[in-house]
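What follows is a short report on a single structure.
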Amino acid sequence: CDGADDQRNAQGDGCSADGGEIQGQDRTYALVIEQRSRVQLDLRDADDGAAIDTVIYLQGQCGDPGSQVVCHDDLSCDESDIDFGCESGSQVRHSRVEVELDPGTYYVVADQYSYERRGTEFRCGAVSITYDLMPLGD
């Protein structure tokens, strides 16, 4: 979690900072798609000692918010298997994107918000990112 806060998601599209929240540190990964595929990316808090408010987004060009393909901040409590910390129907510790992609290189950004709310400090910590790739027929 020592990555610099150098990436930014495009506002809107399921991802926008609210309540004065500040984006925290991030990591970027290249994802190479060799044939048209449905891709699911899952980012979750995996830190027993810290609270992590995850956000995940996919860009067509590294570091270019204008090339954002998809973004997701909070998974609904009904969809998440994290059973603590749900608030107003959203699980801030779990983000997921699902999208169909053409062949090419994309950039997955695992990011987080850094803030304090109701006595919980959301900050940098361990996360888990997994993916599922399902090739689509022609």
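Scalar couplings 3J(HN,Hα) for region 119-136, obtained by applying the Karplus form with A = 6.51, B = -1.76, C = 1.60 to θ = phi - 60°, are x, 10, 9, 8, 7, 5, x, 6, 10, 10, 10, 10, 9, 10, 10, 10, x, 9 Hz; x denotes Gly and Pro. The Kirkwood hydrodynamic radius of region 85-138, based on inverse pair distances between different Cα atoms, is 14.5 Å. Annotation: average projected area of region 19-138 is 7.9 square nanometres, based on the convex hull of Cα atoms across all directions.
Less than 5 angstrom separates the built amide H of F122 from those of Y115, E116, R117, all sequence-distant by 5 or more or on a different chain. The Cα-based radius of gyration and maximum Cα-Cα distance (Dmax) for region 20-70 are 13.5, 40 Å.
We did not get these values from a lab; they are worked out from the coordinates using the rules stated. None of the values given here were measured: they were computed from a predicted structure.
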